[in-house]
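To start, the structure under review is shown below, and the notes come after it.
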Amino acid sequence: MSTIAGMFLRTDGLVERGEPIHAMDTKLLMTFARKYIWWKTPEEAVAQPERIVAQVMDLGDYDDVQSLVHEAGTAYLREVLRRAEAGQFNARSWTYWHYRLGLSDPGQVPALPERRVA
């Protein structure tokens, strides 16, 4: 097993922090970072691979999304969606990925994450 963002996939399909899940090619992450995380250097962005993946899931073109799915795998993409922060996905992408990854039935997509102020 190799690692990405310090997470691992359990046998029940859930992901927890601290153990490996899947290693993404650093070169691919750097390529995505240059294209989709324009406000940071690629070197800064790769410190948060989940953020890069979420950005590609939200804004990615067809070819980039296909590369991402192939490289990251659906279990990791499901976990990125489950851990999404407010503002990382627009409503259309949020709905699309819930359907594509089998997380929701039609009409049953959960609400987008919201910012909470303490």
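The values are calculated or read from the model by the stated rules, or taken from the named source; none is laboratory data. Remember, it's a predicted structure, so these values are computed and weren't measured experimentally. Note that each Cβ is placed from the backbone with ideal geometry, even for glycine, and that neighbours are counted across all protein chains shown.
Does segment 102-112 contain at least one residue that is under 24 Å from THR31 (Cα atoms) and outside any helix (DSSP H, G or I)?
no
Let me confirm something: among GLN55, GLN48, which residue is modelled with pLDDT of 95 or more, more than 17 Å from LEU103 (Cβ to Cβ) and polar (S, T, N, Q)?
Being modelled with pLDDT of 95 or more, more than 17 Å from LEU103 (Cβ to Cβ) and polar (S, T, N, Q) holds for just one of GLN55, GLN48, which is GLN55.
Out of all the residues in segment 52-71, is one or more over 22 Å from VAL109 (Cβ atoms) and under 11 Å from the mean Cα position of the chain (by Cα)?
yes
Can you tell me which residue among ALA47, ALA86, ALA54 is closer than 23 Å to ARG116 by Cα and loosely packed, with under 15 Cβ neighbours inside 10 Å?
Checking each option against the conditions leaves just ALA86.
Are any residues in segment 99-117 surrounded by 10 or more Cβ atoms within 10 Å (Cβ to Cβ) and either acidic (Asp, Glu) or under 12 Å from the mean Cα position of the chain (by Cα) (or both), and if so, which ones?
The one that is surrounded by 10 or more Cβ atoms within 10 Å (Cβ to Cβ) and either acidic (Asp, Glu) or under 12 Å from the mean Cα position of the chain (by Cα) (or both): LEU101.
Does segment 66-79 hold any residues that are buried (at least 19 other Cβ atoms within 10 Å of the Cβ) and under 16 Å from TYR36 (Cα atoms), and which are they?
LEU68
Residue by residue through segment 33-44, note down the ones that are hydrophobic (A, V, I, L, M, F, W, C) and either in contact (Cβ under 8 Å) with a residue 60 or more places away in the chain or surrounded by fewer than 18 Cβ atoms within 10 Å (Cβ to Cβ) (or both).
Selection gives TRP38, TRP39.
Of a type in the set (Ser, Thr, Tyr), at pLDDT below 95, assigned to a loop (DSSP other than H, G, I, E, B) and more than 13 Å from the chain's Cα centre (by Cα) - does that describe any residue in segment 20-40?
Checked against the condition, which is being of a type in the set (Ser, Thr, Tyr), at pLDDT below 95, assigned to a loop (DSSP other than H, G, I, E, B) and more than 13 Å from the chain's Cα centre (by Cα), segment 20-40 yields no hits at all.
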